[in-house]
Amino acid sequence: MELRHLRYFAAVADTCHFGRAADRLHIAQPALSYAIRQLEAELGVSLFARTTRQVTLTAAGEFLKGEVDRILVGIDAAVDGVQRVAAGRSGVVRLGLTGIAVFSHLPRIARAVRSELPHVELRIVSDLLTPDQCDRLRDGAIDLGVLRPPVVGEGIEVRTIDVEPLVLAVASDHRLAVEPVVSVDDLRSESFVMYDSRDSAVNEAAVRTCRTAGFVPHRAHDASGTPVLLALVAAGLGVALLPASVRALPLENVVVRDLPDTGTMPVALARRAGDDNPVVDAVAAVAAAAFASASARALDSSMGEIR
């Protein structure tokens with residue numbers, strides 16, 4: 001039994017007219033009649049009662065119509081699904097993010113994917129520092145990562161999607177919390193809270209910023225992740241230099257201050273080198289475009305203020 005025979009049968013069953021069915025299928029009526037006779041011979045039953053005036057379904061034909069309708073819907077859905085996956089418009093993408101990026105970057109990415117790729121499912125793996133994301137990308141545990149370069153190890157490709165300055169996080173009762181202007185040099189005698197990973201990109205940026213100001217930060221406490229780090233800051237155990245997107249987090253007893261003399265940190269999409277998964281390609285492109293659009297709007301707004 002061929003698939004075309006089922007489609008031919010469905011067309012005749014829907015119209016109960018060989019001529020109209022042939023027109024719908026864009027084939028000659030004799031060829032359609034012959035195909036239906038072949039199907040009936042293969043099944044050993046009559047599917048249609050034919051007279052000179054009308055064509056009607058037999059009981060066997062009625063039963064087959066229900067089954068064929070279900071089969072064809074399933075086949076059409078399968079074809080559509082295969083084509084969506086091949087085009088990167090359907091599938092599952094496992095996305096890793098740093099603790100801060102969950103609040104600052106995930107909402108925009110998720111909104112863009114939902115709008116542009118409604119059949120793609122994002123599975124989120126959160127609170128992963130850059131080294132952890134690199135390991136998981138290489139192991140195949142995640143497909144894309146939102147991290148802060150530089151990446152750790154080989155086999156990872158990155159694409160910068162955002163750049164943000166470092167800011168100062170202090171306890172709400174810290175002496176610098178009420179200062180109108182704070183500079184990096186004001187932190188010379190402070191204790192610092194940093195991430196416990198030796199490969200932390202945020203740590204490296206903080207140390208680099210302090211050294212540019214002429215001192216090495218006193219690292220008093222280590223934190224396994226951003227929530228722990230901010231809890232230690234809130235407890236008054238030290239200050240922290242963090243990406244500006246930390247403002248997106250719910251902060252209790254923590255004050256965030258701008259520092260005019262700090263450097264910047266990139267945010268990048270990372271993936272396994274050589275990965276040709278079309279769904280990962282599509283999500284990466286949509287995420288990058290979402291941030292490019294936001295940057296363009298911010299630039300237009302600032303230019304408007306200048307004018």
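Computed in the context of the full set of protein chains, the accessible area of the stretch 159-256 at 1.4 Å probe radius has 49% of its extent on carbon or sulfur. What is the stretch 28-133 by shape, rounded, prolate or oblate, if you read a ≥ b ≥ c off the alpha carbon gyration tensor as root eigenvalues and call it rounded for a/c under 1.5, prolate for a/b larger than b/c, and oblate otherwise? The shape class here is prolate. The charge dipole of the stretch 1-132, taken about the Cα centre with unit charges on the Cβ atoms of Lys, Arg (+1) and Asp, Glu (-1), comes to about 320 debye, rounded to the nearest 20. In this Cβ point-charge picture (+1 for Lys and Arg, -1 for Asp and Glu), the chain has a dipole of about 940 debye about its Cα centre.
At what distance in angstrom do the alpha carbon centres of the stretch 1-66 and the stretch 228-261 lie from each other? Centre-to-centre (Cα) distance: 73 Å.
Across the chain, Cα pairs under 8 Å and at least six residues apart give a relative contact order of 21 percent. Which of HIS5, TYR34, ILE71 sits farthest toward the positive end of the charge dipole of the stretch 1-118, with +1 on the Cβ of Lys and Arg and -1 on the Cβ of Asp and Glu? The listed residue farthest towards the positive side: ILE71.
If you sort the three axes of the alpha carbon gyration tensor as a ≥ b ≥ c, you get a/c under 1.5 for the stretch 163-264, which makes it rounded. Of the residues THR264, SER46, LEU232, the one whose Cα sits farthest toward the positive end of the charge dipole of the chain, with +1 on the Cβ of Lys and Arg and -1 on the Cβ of Asp and Glu, is SER46.
The values are calculated or read from the model by the stated rules, or taken from the named source; none is laboratory data. Here the structure is a predicted model, which is why all the values come from computation and not from measurement. Neighbour counts run over all protein chains shown; Cβ positions are idealised from the backbone, glycine included. For the accessible areas, the whole protein counts, side chains as well, though only heavy atoms, and no ligand, DNA or RNA atoms are used. Shrake-Rupley method; radii C 1.70, N 1.55, O 1.52, S 1.80 Å.
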